[in-house]
Amino acid sequence: MFRPVLALMLCMSGALGAAAQDFTTLKGHGGPIMGVAHDDARGQVATASFDNSVGLWRGREPRWLEGHGAAVNTVIFLGPGRLASGGDDFAVILWDIDSGAATRRDGHKGKVAALAQSPDGALLASASWDGSIGLWPLTGEAAPRFLKGHDAGVNAVAFGARGNRLYSASADGTIRIWNTDDGSNRILANHGFGVNRFILGPDDGWLAYGAVDGVTRVIDPESGAQIADFSLDRRPILSMAHHAPTAQLAVGDGHGFIMMIDSAQWRIARDFRAMRRGPVWALAFADDGASILAGGLDDVVYSWPVAMLSEFDPAGGEQRSFLRDPATMPNGERQFMRKCSVCHALTPPPSRKAGPTLYDVFGRKAGALPGYPYSETLAGADITWSDNTIDALFDIGPDHFIPGTKMPMQRITDPSDRDDLVAFLRKATAPDSSSPQQEN
C-alpha cells in the first residue's frame with residue numbers, strides 16, 4: 001500500500017534535497033502544471049501554470065511571480081538569480097529572482113511554447129506558435145531577431161554545443177537546424193506528424209524527439225539517421241527531460257505515463273503511470289537525478305524518487321476532485337467539470353485559478369469581482385450573470401456572446417445540458433451551499 005504523502009518536504013538547503021527518497025508534492029497553483037524546472041545551484045524549483053503564474057519553491061511556501069496575462073507554458077533558470085518564462089499571452093518575461101522584478105519582452109504573435117539559453121548565456125531562444133523562433137539578447141540593448149521557416153507552430157527549441165547552431169521542432173512535422181548568424185536553416189528530419197518535444201544530448205551526440213503520433217525516436221543530430229526507437233502504443237508525447245550525469249531520459253505522454261530510458265545503453269529502464277488521469281505536460285530531474293518532477297492536469301507538482309518508482313501508485317494515490325470519473329457525477333456537475341473547472345473555482349475568493357471564482361456569481365455584474373484582472377472587453381460589458389445569460393454564453397459560445405473576451409471558445413449545444421449546468425451552478429455557487437466545492 002502506498003505510504004502517506006509527505007507534502008512539501010522542502011528544506012532551506014534545497015527544494016527537495018533532504019526528501020530525495022520520499023514521494024513529495026508542491027501544492028498551491030490554481031490550475032494545471034504546464035512547465036517545471038529545477039535549479040541545481042540554488043536548490044529551487046520553478047513551475048509554470050495555467051493559472052497565469054510562475055511558482056518559485058524554496059521552503060514550504062511558494063513565491064508567486066505575477067506578470068503574464070494568460071497561461072504560462074514554460075519556465076527556465078538562466079543562471080544566478082535569473083529566470084525566464086513564456087506564455088499564452090505571446091510574451092517572454094525575464095525575472096529577477098531575488099526582487100521579483102519582471103522585464104516583459106513582446107514581439108511574438110502566438111503563444112510561447114518553449115525557451116532555451118545559448119551556451120554562452122548571451123541569447124534566449126523562444127519557440128512560438130506563430131511559426132517563428134525569437135532570439136532575445138540577454139545583455140545590452142540589442143533588438144530581438146525572429147527566425148522564420150516553419151510552416152506551423154514551433155513547439156521546442158535548443159542550442160547546440162556550438163553557440164551559433166540552433167535546433168527547432170514544429171507542428172509541421174520537421175526538425176530543423178538553424179545558423180543563428182545568418183538565419184539559414186535545413187531540415188534534419190521530416191517526421192510527417194507534429195513533433196512536440198526533443199532533447200539534444202551532451203556535446204550534440206544525439207537528439208531524442210517525441211511526436212503527436214506517439215513516436216519516441218533517437219537520431220543523429222547531424223545526419224538524421226536513426227539511433228534507437230522507443231515508440232509505445234501511447235500518444236501523444238508531450239514532455240521530455242534528460243539528466244546527463246546519470247544518463248536518464250524521461251518521456252511523458254498523453255496517457256499519463258513516464259518512460260525512463262537509459263541513454264548510455266539505449267534501453268527502457270522503467271515505465272510507470274504517473275497520473276491517474278490526464279497527460280504529463282512537464283518533466284524535470286532534481287536531486288542529482290535521484291528524483292523526477294512531473295506536472296499535468298492536476299494543480300500539483302509530484303516528485304518521485306527514481307529508484308523506487310515501482311512502489312508508487314499513480315499521482316501518489318490521491319484522487320483529485322476534478323479527476324473523478326464523470327460517470328459518477330450528476331450531469332450538471334459533469335458539464336461544469338468538462339467546461340469550467342480548469343479555470344474557475346466555486347469557493348469564495350481569493351482563487352489561484354486562471355479565471356475568477358464563480359462563488360455567488362448569480363446577480364453579479366460581469367467583470368465586477370474585486371481584485372481580478374479582467375480584460376477591458378469583459379470589464380466594460382453590460383451583462384449580469386443569470387440563468388439566461390449563462391445559458392446564452394454556452395449556447396453561442398463566449399467569442400460570440402462577448403466578442404474579445406479571454407474566455408476560451410466552447411459551447412454546450414444540448415439545451416438540457418445547459419439547463420443542468422445552470423441548476424448545478426445555482427446550488428454550488430450559493431453562499432450557503434453545502435454541496436462539494438472545488439479547491440482554489
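We did not get these values from a lab; they are worked out from the coordinates using the rules stated. Since the structure is predicted, the reported quantities are computational estimates derived from the model, not experimental observations. Please note: Cβ atoms are built from the backbone with ideal geometry, for glycine as well, and neighbour counts cover all protein chains shown.
Some notes on this structure:
- Ordering of 279-289, 407-417, 78-88 by burial proxy (mean other Cβ atoms within 10 Å per residue, highest first): 279-289, 78-88, 407-417
- Region 285-296 - phi-based ³J(HN,Hα) in whole Hz, Karplus 6.51/-1.76/1.60, Gly and Pro as x: 8, 9, 6, 6, x, 7, 10, 10, 8, 9, x, x
- Of the options (i) 22.0, 66; (ii) 25.7, 80; (iii) 22.5, 71, only one is Rg and Dmax of the Cα atoms in Å as computed from these coordinates, and that is (i).
- In order through region 75-90: 3J(HN,Hα) via Karplus (6.51 cos²θ - 1.76 cosθ + 1.60), integer Hz, x for Gly, Pro: 8, 9, 7, 9, x, x, x, 10, 8, 10, 9, x, x, 6, 7, 6
- Long-range amide H partners of SER239 with built H, under 5 Å: GLY252
- In the chain, the DSSP-assigned H stretches of four residues or longer account for a calculated mean residue ellipticity at 222 nm of -2500 deg cm²/dmol, using -39500 (n - 2.57) per stretch and the full residue count as denominator.
- In order through region 114-121: 3J(HN,Hα) via Karplus (6.51 cos²θ - 1.76 cosθ + 1.60), integer Hz, x for Gly, Pro: 7, 9, 8, 10, 5, x, 8, x
- Nearest 10 degrees, 0 to 90: helix 415-428 Cα axis against the chain principal axis: 80 degrees
- The order of the peptides 296-305, 376-385 by mean Cβ neighbours within 10 Å, most packed first, is 296-305, 376-385.
- GLY69 long-range amide H proximity, modeled H, under 5 Å: ASP89
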